[in-house]
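**Q** Quick one: this structure, given as C-alpha cells, is what I'll be asking you about.
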Amino acid sequence: MNIRLSALALTVGAVSVTIDAVAKDAAMDAVVVTATRQEGKVDELLADMTVVTRDEIEKHGQATLSQVLAATAGVFVTDGGLPGKTVATFIRGTNTGHALLLVDGVPVTSATLGQAPFEMLSAAEIERIEILRGPASSLYGSEAIGGVVQVFTRRGEGAPAPRVAVRYGSHDTRELQAGVSGGSESLSYALSASTLSTDGISATRGPASNPDRDGYESVSASGSLQWRLLDGHELGLQFLHVADENHTDGDLNFDNRTEGEIFNWSAYSRNRLSNWWTSTVRIGGTRFDSLTFRPSARDRFITDSGLVSWQNDLRTTWGNWLFGLEKQLQQVDTSGALVVDSRSIRSAFAGWSGAAGANSAQVNVRHDDIEGIGDKTTWSLAYGYQFTDTFRAFASMGTAFKAPSFNDLYFPVTCFPIWGCFGGNPDLKPESARNRELGMAWESGAHSVKVVYFDNRISDLIDWGNTPENIGKARISGLTATYLGTMGSWRWNAALDLLDPRDEETDNVLRRRPRERLLTGVEYTTGPWTLGGQWTLVGERYEDADNTRRMGGYGLLDLFARYRIDPSWTVESQIKNAGDKDYALQLGAQGTRFATEGRTVFVVLRYAPR
C-alpha cells in the first residue's frame, strides 16, 4: 500500500477546515525541559517536541515505552505490538543507536550494543515522556543524532493517595499496578510497582520457525522523594528498577531466553543561590545487565555507568544562560573478554536563549572528551519569529555525534568455519551529523498545528563487515506535520511523516524505514464515557540495503473505551489491531519473518482517587 500525497493533502485540508470552525479557548502552555535543559513552554520552543502524559498512556493501554513511542509522530518502532521483544527505534529515520534515552536526566544505554533498551521500560512507572526530534548533542553529547527520549517517573503531590490497576487480556496477558503518592509544601513522595506477564505468540513465522509461544515477564518498581528545605532549595532522590525475562525463537527449535535488568538512580541538590542564579548538582547511574541462554552458550553483557553533573542556570535581563560540567564513567563486563572495558567522558556545555520583541533565539555548544576516542565539539543555533499572536516560524542548524560502542571498538576476534573471523576496530571515529530544519507553528486556544522540514546528513557511519569501518554516509530529509485540538467533547490529533532516508553511496532507501506514515486519532467524552481510537497508515519498506526484499504497507486500527464509575474507579478497554491485519516489520532468513500481533483485547479496572 502506498499513501498518496493527494489523499494526505485532502486529510490536512479537512483538518484546516475543522480548525477554522471551532472555538479556541485553551492555552497550549505545557512546561518541558528536554529541548533546552531549562524549563520552557511548549508553545515557545524552537524545536520539534511531543509530550506524552500519564492519562494518554492509560487510555491507549500501552504496556512498554516502545509501545508508547510507536504511537507518536516522527518515531517508527518495529515491536509489532509484542511487549518486551527487541526492537529498532527510528527517530526521523536515524539508526536505533542514534536515539538517546534519559530517565530523570540520567542516560540509560547498553555501552556494548550502543543503543538504549526502549522495550524493557514498563509504561506503568512513567509519569510523562518528552520526545525531542532532531539532533541534540550540543545539549546531551553522544547518541543524540536523531533525537532524545526523556522519561520522568512518578511524582507525588497533595494528600496521600493509593492507586491500583488490574489488566487482563489476550494471550493470558496479566498486569498489576500499585502505588502511593502524596506531598506537602516541604516534602513530596511517590512509590510504585508493577508486574506484567503474557504467554505471547510465536516470535517468528515461516518454514524455519519454531511454532511455540514466546512469552514475556517483567517486574518493575520506581520511587521518588523531594525535600524542600527552604524556599529555593530542594533535595531529590529517584530510582527505577526493571527485571524481565523474554523468550524468542532460536536455532534447532531451541527457545532462546534472555534475562534483563535495569537499575537507574539519581540524587540532586537544586539551590537558588540568588534571584538570578540556580545551581543543580546531580549524581546518578545505571546498571544494565543482559544474560541470554542459547543452545551452546550463555552470552552476558553488563554496562555500569555513572554520572556527575553541575548545571548553572542564570536568568538575566540579557536572556537565560546555561553553563555546566559533566563526567560519565562507563564500564562493561561481557562473557567474551574485551581488550578495553572502561572509559570516561568529560564534558563542558554552555547555552543562551532569549527574546526581543518578535524575535527569539537559542545557542548551545558542548565539548566532549572521550577516553580512547578523542574530543568532539558540537553546536546548535536556532532562531524564531512571532509573526502574529498565533503564528510563528523557526529555523535551526547544528551538529551531533555518536561515539563507537565497546563492541565496535574492542569486540574480541572470533572465527567461524564458514563466515570467517570478526572483531572490533579500535581506530574507529565517532559517527557525525549535520542537521538543518525549518518549522512553522500555529497555536490558538485549544488547537495547535506544526509543520517541520528537516535535512540531516550523517557521515562516518559504522558499517560491520568482518571488521567495522567508518564508510557509511546517509542523507535523511523529511517533513513532520502534527495537529492537536479540542472542541467541546471532541478531541482530535493527526501526525503525518514524509521521509526520504537514503544511503548516499547507493541512493537506496535505508532498511526498514517507511517513507510515509499517517497517524490519526479521535476521542469523544460524554458523561462518564470516553470513547476513541487511532488509525495508523504505514508505507512500504525494505528489509535489505539493496532494496530487493520489499515489505508492503499496512493500516492498523486501535480502539479504546473508558467508563468512570465514580471519581475513584474506572473501567477501561482496548482493542489493538481491531481489523486483525497481518503485516511484516522485519524479515528473517529462509522465508521466515518476525511476528506481529493480530487482534487483541484488554480490560482494565483502575482505582485512583481524585
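None of the figures in this text is laboratory data; all of them are computed from the coordinates on show. These figures come from a predicted structure and were not determined experimentally. Neighbour counts are summed over all protein chains in view; Cβ atoms, including those assigned to glycine, are modelled from backbone coordinates with ideal geometry.
**Q** How charged is the neighbourhood of Ser266? Take every other residue with its Cβ under 14 Å from the Cβ of Ser266, and add Lys/Arg as +1 and Asp/Glu as -1.
**A** Net charge around Ser266: +1.
**Q** Ordered by packing density, taken as the mean number of other Cβ atoms within 10 Å over each peptide's residues, highest first, how do 543-553, 591-601 rank?
**A** Listed from highest to lowest mean packing, they are 591-601, 543-553.
**Q** Something else now. For segment 459-610, what relative contact order do you get, as a whole percent, if you take Cα pairs closer than 8 Å and at least 6 residues apart?
**A** 14 percent.
**Q** Across segment 539-544, in residue order, what do the Karplus-derived ³J(HN,Hα) couplings come to in whole Hz, using 6.51 cos²θ - 1.76 cosθ + 1.60 with θ = phi - 60° and x for Gly and Pro?
**A** Rounded to whole hertz, the list is x, 5, 9, 10, 7, 10.
**Q** Report the one residue of Tyr554, Gly146, Ser380 whose Cα lies farthest in the direction of the positive end of the charge dipole of the chain (charges on C-beta: Lys and Arg +1, Asp and Glu -1; origin at the Cα centre).
**A** The residue sitting most towards the positive pole is Ser380.
**Q** Go through Gln62, Ala355, Asn466 and say which Cα lies farthest out towards the positive end of the charge dipole of the chain; charges sit on Cβ, +1 for Lys and Arg, -1 for Asp and Glu.
**A** With unit charges placed on the Cβ atoms, the residue in question is Ala355.
**Q** For Glu469, what charge total do you get from the other residues with a beta carbon under 11 Å from its beta carbon, if Lys and Arg give +1 and Asp and Glu give -1?
**A** Neighbour charge sum, excluding Glu469 itself: -3.
**Q** Taking a cut-off of 39 Å, what percent of all Cα-Cα pairs in the chain are separated by more than that?
**A** Considering the chain, 27 percent of its Cα-Cα pairs are separated by more than 39 Å.
**Q** Here's a follow-up. In square nanometres, what is one fourth of the surface area of the convex hull spanned by the alpha carbons of segment 297-393?
**A** 9.8 nm²
**Q** A follow-up question, please. Can you grab the distance from the C-alpha centre of segment 46-63 to the C-alpha centre of segment 77-151, Å, no decimals?
**A** Spelled out, the Cα-based centre of one part sits 14 Å from the other.
**Q** Evaluate the charge dipole of the chain about its Cα centre and quote only its size in Debye, nearest 20, assuming +1 on the Cβ of each Lys and Arg and -1 on the Cβ of each Asp and Glu.
**A** Value, rounded to 20: 840 debye.
**Q** While we're on this one: HN-Hα J couplings of segment 377-386 from phi, Karplus 6.51/-1.76/1.60, θ = phi - 60°, integer Hz, Gly and Pro as x?
**A** 3J(HN,Hα) across segment 377-386, in whole Hz: 10, 10, 8, 8, 9, 9, 9, x, 9, 8.
**Q** Further question: Quick one: which of Lys41/Lys429; Lys85/Lys581; Lys85/Lys576; Lys85/Lys429; Lys327/Lys450 span more than 28 angstrom between C-alpha atoms?
**A** Lys41/Lys429; Lys85/Lys429; Lys327/Lys450
**Q** How high is the relative contact order of segment 5-607? Use alpha-carbon pairs under 8 Å, at least six apart in sequence, and give a whole percent.
**A** In percent, rounded to a whole number, it is 11.
**Q** Which ³J(HN,Hα) values in Hz, rounded to whole numbers, follow from the phi angles of segment 187-195 under the Karplus curve 6.51 cos²θ - 1.76 cosθ + 1.60, where θ = phi - 60° and Gly and Pro get x?
**A** 8, 9, 8, 7, 9, 9, 8, 7, 10
**Q** So, by mean Cβ neighbours within 10 angstrom, what's the order for 428-435, 167-174 with the highest one leading?
**A** My ranking of the peptides, most packed first, is 428-435, 167-174.
**Q** To continue, here is another question. Identify, among Leu230, Leu196, Asn246, the residue whose Cα sits farthest towards the positive end of the charge dipole of segment 183-273, taking +1 on the Cβ of Lys and Arg and -1 on the Cβ of Asp and Glu, with the dipole about the Cα centre.
**A** Leu230
**Q** For Cα pairs less than 8 Å apart in space and 6+ apart in sequence, what is the mean separation divided by the residue count of segment 341-389, i.e. the relative contact order in percent?
**A** 35 percent
**Q** If you average the C-alpha positions of segment 552-610 and of segment 457-493 separately, how far apart do those two centres end up, in angstrom?
**A** Comparing the Cα centres of segment 552-610 and segment 457-493, I get a distance of 25 Å.
**Q** Given the -39500 (n - 2.57) contribution per DSSP H run of 4+ residues, what per-residue ellipticity at 222 nm results for the chain, rounded to the nearest 500 deg cm²/dmol?
**A** Computed ellipticity for the chain at 222 nm equals -1500 deg cm²/dmol.
**Q** Less than 17 Å from a label point 7 Å out along the Cα-to-Cβ axis of Tyr383: which backbone N atoms in segment 348-374 qualify, by residue?
**A** 352-364
**Q** Sort segment 276-334 into rounded, prolate or oblate with this rule: let a ≥ b ≥ c be the square roots of the eigenvalues of the Cα gyration tensor; rounded if a/c is under 1.5, and if a/c is not under 1.5, prolate when a/b is larger than b/c, oblate otherwise.
**A** Here segment 276-334 falls in the prolate category.
**Q** Follow-up question, since we're still on this one. Going highest first, how would you order 141-147, 325-331 by mean Cβ packing within 10 Å?
**A** Ranked by mean Cβ neighbours within 10 Å, highest first: 141-147, 325-331.
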